[in-house]
């Protein structure tokens with residue numbers, strides 16, 4: 001008797017369960033979201049991505065030479081995020097380095113929020129690491145902050 005009652009209740013509950021599932025599915029699929037955004041955002045999103053080829057990566061460096069910008073490595077000698085003090089420190093260290101090593105290529109770069117002093121244009125990690133070791137020997141006071149970083153480097157074309 002108990003089994004019959006359970007079966008009857010189950011048979012009565014099946015249509016209700018099916019209706020509940022159908023209702024949930026309907027509610028899940030009938031939701032509507034309206035997105036309102038500034039037209040300028042749509043313009044930015046729909047722009048084509050800039051295609052980089054060799055010609056677009058040719059630039060003129062601070063010495064007036066034409067250079068090709070390619071992926072490589074540099075030695076980061078200094079980095080600081082105090083706006084004025086870090087900028088001054090980066091230029092001070094750059095001056096000190098170039099007094100002793102005039103052929104050393106130096107780059108004082110601001111990448112929010114840091115001022116950085118990078119040196120060299122090295123194609124491989126090994127070249128950059130060897131240069132960093134030499135710099136640490138010549139300028140041990142800055143050695144703790146020096147390390148090799150990936151960066152776009154300049155290959156002189158002229």
(message) Within segment 130-147, name every residue whose backbone N is under 15 Å away from a label modeled 7 Å from Cα of residue 70 along the Cβ vector.
(response) none
(message) If R₀ is 41 angstrom, what is the calculated FRET efficiency for the pair residue 152 and residue 39, using the beta carbon separation as r and rounding to 0.05?
(response) 0.75
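FYI, it's all coordinate maths here, none of it is from the lab. The structure displayed is predicted, hence computed values, not measured ones. Backbone-built Cβ (ideal geometry, glycine too); neighbour counts: all protein chains shown.
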